[in-house]
Amino acid sequence: MADEDPLRNYRGKRDFDRTKEPRGRPGARDEEPRFVVQIHDASTMHFDFRLQVGDVLKSWSVPKGPSTDPGDKRLAVPTEDHPLEYEEFEGVIPEGEYGGGTVIVWDHGTYRPLSHDRRGRPVPFDEALGRGHVTFRLDGSKLRGEYTLTRFRGGGKDGKGEAWLLLKAKDERARTGGRATPDPRRARSVRSGRTLHQVAAAGRGAEG
Ligand code: MN
């Protein structure tokens, strides 16, 4: 319930349009969990799709990126959990480091878990993930509406080989046609307005 917000007094004393103090991390009980989609120009270009579950960002690498077209099945390969702060990461990962390449934050926002069992009762999101199927409604700057993630291939003991599909559900936010998927080289950061190229150039500048 909203009136149980543990930071209500803290927030009530401050105007966050004027102060740079933090509003407090997302994840408080009355706040919806976060999602982020980054574009990562690594050895192969891909999108990183991340959903906050508890204290981590559950992560999938989506080579072609999310689509607003319900007819597009997008391969999503699980990667390691990332810290919540990773939502803000944009910049250049040095060559030779894991994931070396340029990252922009393409979209971010909150999501609402929508998974239900056969009797229509809500299923906790992490439990639904464990079963290999989640439904959720994104409320981002670019991505909006209902999406599903479905595991179609299980992995070995180390999770290697596991594969999921990311799909747009049919709803009022579904869109077909040429703009259903962003062009990663033209796409702009939702945080800074910059393209991958601009972030990479700024990174080279910083190295002098
Ligand atoms: Mn990546």
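Points worth noting:
- For VAL123, distant residues with modelled amide H under 5 Å away: SER115, HIS116, ASP117
- Dipole size of the chain about its Cα centre, with +1 on Lys/Arg Cβ and -1 on Asp/Glu Cβ: approximately 720 debye, rounded to the nearest 20.
- Taking amide H atoms as placed 1.01 Å from N in the peptide plane, the amide H of GLY65 lies under 5 Å from those of PHE47, each 5 or more residues away in sequence or on another chain.
- Segment 96-196: C-alpha gyration tensor shape, a/c 1.5 cut-off, then a/b vs b/c: oblate
- Shape call, segment 145-189: gyration tensor on alpha carbons, a/c limit 1.5: oblate
- Each peptide in 130-138, 89-97 receives the mean, over its residues, of other Cβ atoms within 10 Å, and ordering these scores from highest gives 130-138, 89-97.
- Karplus-derived 3J(HN,Hα), 6.51/-1.76/1.60, for each residue of segment 190-205, Hz, glycine and proline x: 6, 8, 10, x, 8, 8, 3, 4, 5, 5, 5, 5, 5, x, 5, x
- In a simple Cβ point-charge model (Lys, Arg +1; Asp, Glu -1; nothing else charged), segment 54-134 has a dipole of about 780 debye relative to its Cα centre.
- Built amide H within the under 5 Å cut-off of GLY100, gap 5+: none
- Over the chain, Cα pairs under 8 Å with separation of 6+ residues give a relative contact order of 19 percent.
- Computed over segment 70-167: relative contact order in percent, which uses C-alpha pairs under 8 Å that are six or more apart: 27
- Our estimate of slack between SER192 and ARG144, defined as 0.36 nm per intervening residue step minus the Cα-Cα distance, is 15.3 nm.
- Full-stretch length increase - ARG8, ARG118 - with 0.36 nm per residue and alpha-carbon distance subtracted: 35.9 nm
- Protein-only accessible surface order, largest first, of TYR98, TYR10 at 1.4 Å: TYR98, TYR10
- Accessible area per residue, Å², the chain with all protein chains present, probe 1.4 Å: 60
- Our coupling estimate for segment 100-109, obtained by passing each phi through the Karplus curve with A = 6.51, B = -1.76, C = 1.60 and θ = phi - 60°, is x, x, 9, 10, 10, 8, 7, 8, 7, x Hz, Gly and Pro reported as x.
- The charge dipole of segment 94-208, taken about its Cα centre with unit charges on the Cβ of Lys, Arg, Asp and Glu (plus for the first two, minus for the last two), comes to roughly 520 debye.
- Surface composition of the chain: carbon plus sulfur atoms hold 48% of the accessible area, using a 1.4 angstrom probe and ignoring ligands, DNA and RNA.
- Per residue, the chain reaches -3000 deg cm²/dmol at 222 nm when only DSSP H runs of four or more residues are counted, each adding -39500 (n - 2.57).
- Computed from phi, the 3J(HN,Hα) profile of segment 59-70 under the Karplus parametrisation 6.51, -1.76, 1.60 (θ = phi - 60°) reads 10, 9, 8, 10, x, 8, x, x, 10, 8, 9, x Hz, with x in place of Gly and Pro.
The values are calculated or read from the model by the stated rules, or taken from the named source; none is laboratory data. None of the values given here were measured: they were computed from a predicted structure. Don't worry about glycine lacking a Cβ; one is built from the backbone with ideal geometry, like all the others, and counts go over all protein chains shown. Just so you know, the surface numbers come from the protein's heavy atoms only, side chains and all, with ligands and any DNA or RNA stripped out. Shrake-Rupley method; radii C 1.70, N 1.55, O 1.52, S 1.80 Å.
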